[in-house]
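Participant: Supplied in structure tokens, the structure appears directly below.
Here, each number is a calculation from the coordinates, and none is a lab measurement. None of the values given here were measured: they were computed from a predicted structure. Every residue, glycine as well, gets a Cβ built from its backbone with ideal geometry; the counts of neighbours run over all protein chains shown.
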């Protein structure tokens, strides 16, 4: 998937691929002035909050550097069936912002198609699960105390401005659940300055940082989004081995009195298990076995299938073997005839595909991939998340004027039903 945000982030930070994620602090500026507003605006964020049932801690507010009690900005309404529904008190949010406060919405990608697609593109690019949090601050406000995150962060300033201070780590690769606390901030200041609309910054895990609008004036604001990457660690791999070991009866037995499978035998078995499940194999299988976070079915009664797009958290792997093609991704392993390869590569490319003009075999293949959970129908709402950011593919010779034509994939002559593994 070629996403406009991903390519601009790489260029801004001077990166050549995702290998630099987590390596070092970096900052730069997007060369595309229209991109920040395309991702999210203050009014759109408030509109998203207004139309959702939300609870703390997903929706949080801060004032003078301290978290505001949820009862201040969340209300519980009772509907006509006497069901309690939690939602934001928008008037209270307005007062908090106007008085110099900050509103935070975690996992905003769950509600907004544009940021949902952006996180999917970043996940395909990085090979790690990605989510987005939005931060809206108004006036002269403290923001957050000096802290560190247990995941990698790419912050993009969308509008307004905010002052930051970023310091180095005080403990190498700290974790949320760790052998010791990491409470003493580093004295090494890597950068101190102001982020303005279009600026982008990468903060590795464990790097101390704080953001504030103090001294910026009472008539301004700041909106930025952070994309968080939860990278796998050696501990993650060891935990996986621990879970995998449960399949072996020897590991389920008591350590004392286990006979031949005692401590020495278990150490040998664990060594064999670690050798058979290398970190590379673990990561590969993790990514291929992760199902889509959300998926929309195709209901034939609603009408014909007009478009389709891949819905997997990571890019599906397509490999040819003789006269067959294997697809691994989204928790599925499927085998097709080799004549379906070009259709599979198009439909699973991550680009939205318009099927108007496609042959029957391609439409059948698209419907099958939806049934298997690797793709989902392209709706007007979901397509809005790609518009202007990911180039669509169309089989039609006369695409709609509002859709930029990419390419016309070769005809798929057969889609032979897959074999599931």
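Participant: For the chain, calculate the relative contact order in percent as a whole number, restricting contacts to Cα pairs under 8 Å that are 6 or more residues apart. Walk me through the intermediate numbers first.
Facilitator: Details: 839 pairs, mean separation 62.8, N = 421.
It comes to 15 percent, rounded to a whole number.
Participant: On to the next question. With a 10 Å radius around each residue's Cβ, average the other Cβ atoms per peptide and rank 211-217, 176-182, highest first. The partial results should precede the final answer.
Facilitator: Details: 211-217: 16.6, 176-182: 9.4.
For the peptides 211-217, 176-182, the packing ranking is 211-217, 176-182.
Participant: Sort 308-315, 293-300 by packing, meaning the average of other beta carbons within 10 Å per residue, with the highest value first. Let's see the in-between values first.
Facilitator: On the way: 308-315: 23.8, 293-300: 12.1.
Per-residue mean Cβ counts within 10 Å order the peptides as 308-315, 293-300.
Participant: Based solely on C-alpha atoms, express the radius of gyration and the Dmax of the stretch 187-295 in angstrom.
Facilitator: Every Cα atom of the stretch 187-295 included, Rg and Dmax give 23.7, 75 Å.
Participant: Nearest 0.05, what FRET efficiency do residue 252 and residue 280 give at R0 = 22 Å with Cβ-Cβ as r? Please list the in-between numbers first.
Facilitator: Values: r = 27 Å, r/R0 = 1.24.
So, using R0 = 22 Å, E works out to roughly 0.20.
Participant: Test of understanding: what is the full-extension gain from residue 47 to residue 339, defined as 0.36 nm times their sequence separation minus their Cα-Cα distance? Walk me through the numbers before you get to the answer.
Facilitator: Values: separation 292, 0.36 × 292 = 105.12 nm, distance 4.67 nm.
Computed gain between residue 47 and residue 339 is 100.5 nm.
Participant: Could you grab the relative contact order for the stretch 6-162? Cα pairs under 8 Å, six or more apart, rounded to a whole percent.
Facilitator: Working: 196 pairs, mean separation 39.6, N = 157.
Once normalised by length, the contact order is 25 percent.
Participant: Hey, with R₀ at 30 Å, roughly what FRET efficiency would residue 2 and residue 231 work out to, going by the Cβ-Cβ distance, to 0.05?
Facilitator: Once rounded, the FRET efficiency stands at 0.85.
Participant: How large, in Å, is the chain by the Kirkwood hydrodynamic radius built from its alpha-carbon pairs? Could you put the intermediate results ahead of the total?
Facilitator: Working: mean 1/r = 0.0414 Å⁻¹.
Here the Kirkwood hydrodynamic radius works out to 24.2 Å.
Participant: On to the next question. For the stretch 11-163, count the residues as N, evaluate 2.2 N^0.38 Å, and divide the Cα radius of gyration by that value, please. Please list the in-between numbers first.
Facilitator: Numbers: Rg = 17.1 Å, N = 153, 2.2 N^0.38 = 14.9 Å.
Normalised Rg, Cα atoms only: 1.15.
Participant: Starting with the highest mean, order 342-355, 223-236, 46-59 by the number of other Cβ atoms within 10 Å, averaged over the residues of each peptide.
Facilitator: Values: 342-355: 22.1, 223-236: 18.7, 46-59: 14.8.
Highest to lowest by the protection proxy: 342-355, 223-236, 46-59.
Participant: Would you mind listing how long the stretch 295-364 runs along its three principal axes, going by Cα atoms, in whole Å with the largest first?
Facilitator: Here the spans come out as 37, 27, 20 Å, largest first.
Participant: Using the beta-carbon distance between residue 299 and residue 140 and R0 = 56 Å, what value does 1/(1 + (r/R0)^6) give for FRET efficiency, to the nearest 0.05?
Facilitator: On the way: r = 52 Å, r/R0 = 0.93.
Working from the Cβ atoms, E equals 0.60.
Participant: Here is a further query. Using a simple spin-label model with points 7 Å from Cα along the Cα→Cβ vector, what separation in nm is obtained for residue 245 and residue 20?
Facilitator: According to this spin-label approximation, the distance is 4.0 nm.
Participant: Related question: Arranged by the count of other C-beta atoms within 10 angstrom, fewest first, what order do 323, 359 take? List each step's numbers first, then the result.
Facilitator: Numbers: 323 8, 359 15.
Sorted ascending by nearby Cβ count, the order is 323, 359.
Participant: Return the distance in nm (one decimal) between the two label points of a simple spin-label model at residue 184 and residue 38, each offset 7 Å from Cα along Cα→Cβ.
Facilitator: 4.7 nm
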